[in-house]
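Presented below is the structure to which this report refers.
The values are calculated or read from the model by the stated rules, or taken from the named source; none is laboratory data. Everything quoted here is computed from the prediction, not taken from an experiment. Note that each Cβ is placed from the backbone with ideal geometry, even for glycine, and that neighbours are counted across all protein chains shown. Accessible surface areas use protein heavy atoms only, side chains included; no ligands, DNA or RNA. Shrake-Rupley method; radii C 1.70, N 1.55, O 1.52, S 1.80 Å.
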Amino acid sequence: MNIARPSIHSRPRTVRWNACAMVMSAGLWAAASAQAQGIYTCTDSKGRRITSDRPIVECLDREQQQLGKTGIVRQVVPPSYTADERARLEEKQRAENEIKARAAEEKRRERALLIRYPNQTVHDKERAEALAQIDEVVVAVNKREVALKQQRKEVDAEMEFYQADPSKAPFWLRRKLEDSEKQTVVQKRFLEEQAQEKQRINQRFDEELVKLRQLWSPTSAAGNTGTVKR
């Protein structure tokens, strides 16, 4: 047997009134909450119009308007800092951020060094390999230099016929002499560059070794426990 439930219109007046009152109270509470919070708006130093539900950091050096729910200005919030104070604060924050970034980068490099060189044996081996590569190049260049010297002797022997007036030598012979002189200069410069490269390699490994010895020390190792993974 179905029993029809009474409609809201057939419920007692008191029940209907309480239900309506609860709905109205909830709406008023939500409106009051939004009104209390308000909306902040301002134009920053770059001419941008900014709106937020809280005081705007970019406008601490200028007035901010706090709007009500209907968009009407409820109050004007005065500047918290002058433009100079704000600039100094921003510069201080920027400097602090740079220091933190450099420190973080240094930590990253240290961890990378420890991963690459867990001990001095590995470090010494890589130094030796890097220097050996330069030495191989130098050996090849020296062989080429011997060949160039032999070619130069041949050119000089042919040029003996034109000692009185070298300009009378055939064009191909003068060109051969010029090429020989240029290649000799290039060879010499290349050997000097390889010697400088060996110096740079040794300097780099020496600087790394100073840092690594600090990182390899027991005190530093204890501080890095759990941070370096291989």
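Just a yes or no: is a residue in the stretch 167-178 outside any helix (DSSP H, G or I) and open to solvent by less than 60 Å² (accessible area, probe 1.4 Å)? There is at least one residue in the stretch 167-178 that is outside any helix (DSSP H, G or I) and open to solvent by less than 60 Å² (accessible area, probe 1.4 Å).
Lys153 meets all of the listed conditions (1) under 20 Å from Val138 (Cβ atoms); (2) surrounded by fewer than 15 Cβ atoms within 10 Å (Cβ to Cβ); (3) not aromatic (Phe, Trp, Tyr) but one, namely (1).
Could you tell me whether Ala164 is assigned to a helix (DSSP H, G or I) and either of a type outside the set (Asp, Glu) or exposed (fewer than 10 other Cβ atoms within 10 Å of the Cβ) (or both)? No. For the stretch 129-155, the tally of residues that are more than 30 Å from Ile201 (Cβ to Cβ), in contact (Cβ under 8 Å) with a residue 12 or more places away in the chain and among the charged types (D, E, K, R) stands at 1.
The sole residue among Val76, Val155, Val146, Val122 that is modelled with pLDDT of 85 or more and either farther than 30 Å from Gln214 by Cβ or among the hydroxyl-bearing types (Ser, Thr, Tyr) (or both) is Val76.
Of the residues Val139, Val146, Val185, the single one that is of a type in the set (Val, Ile, Thr), open to solvent by 70 Å² or more (accessible area, probe 1.4 Å) and over 22 Å from Glu197 (Cα atoms) is Val146.
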